[in-house]
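Notes follow once the structure below has been shown.
The values are calculated or read from the model by the stated rules, or taken from the named source; none is laboratory data. This is a predicted model, so every value here is computed, not measured. Here Cβ is always computed from backbone atoms with ideal geometry, including for glycine, and neighbour counts include all displayed protein chains. The area values use the complete protein model at the heavy-atom level, side chains included, leaving out ligands, DNA and RNA. Shrake-Rupley method; radii C 1.70, N 1.55, O 1.52, S 1.80 Å.
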Amino acid sequence: MNQQLFEKVDQYIGNLLAPEDHILQETIQSLDDASMPQISVTATQGKFLQLMLLTSKAKRVLELGTLGAYSTIWMARAIPADGKIITVEFDPHHAQIASQNIAKAGFSDLIDLRIGKAMDVLKELIAKGEETFDFIFIDADKPPYAEYFELALQLSHPGTVIICDNVIREGKVLDENTSDERVKGVQRFNQMLANNSKVTATIMQTVGAKEYDGMAIAIVN
């Protein structure tokens, strides 16, 4: 694989169809300033999420894994003013930076940032009878991906789109003897997805600035 070529093409696509304004640029910069990992989606992936939201006419969105709110802002720009995003971040420091970025983007009233373990927040939403979501983006810690998905199904309705990022792990999912818990987590998830009759799903391989990975895309039956 020619990683340099992939990065140049990613930049080419981004410049043409997913240009970052100063809000998005400052959101990415905030991660460096706060010594946070640069593991947000790319601009082209952010635009892809927007298109999926528009295609599904989503008003209510659930996101697991906020980081600095880069993907959150991309999604917020694709839902109506009376929509809502609940986004969940485990790390309080990350959540603080994300909250600042959300405020700068003008979405504090649209985005409900929850701090805590995704598993706990999901169970709490289910227990409280939270209204179902039209779109769910899972981009959190990988070992419990299958469990996140199963819980997310309880917060969905027929037609809900569920996208899960980082499910190919540079092809390491092919290694049956891996000791990497993140790889094991997505291996379990991918197998669960294949056997799940509640959704229609596929996995798309992705290449670009974030190297080689993949996104699972599922629609609830």
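Probe radius 1.4 Å, ligands and nucleic acids ignored: give me the carbon and sulfur share of the accessible area of the chain as a rounded percent.
Working: 5780 of 10950 Å².
After summing per-atom areas, the C and S share lands at 53 percent.
With the other protein chains left in place, how much accessible area per residue, in square angstrom, belongs to the range 87-152 at a 1.4 angstrom probe?
Ligands and nucleic acids excluded, the figure is 46 Å² per residue.
Put simply, the amide H of Thr160, placed in the peptide plane, has neighbours under 5 Å in Val220, leaving out anything fewer than 5 places away on its chain. The peptide list 188-194, 15-21, put in order of mean Cβ contacts within 10 Å with the highest first, becomes 188-194, 15-21.
Taking amide H atoms as placed 1.01 Å from N in the peptide plane, the amide H of Asp112 lies under 5 Å from those of Ile85, Ile86, Thr87, each 5 or more residues away in sequence or on another chain.
Exposure check, 1.4 Å probe, all protein chains in place: Arg169 carries approximately 50 Å² of accessible surface.
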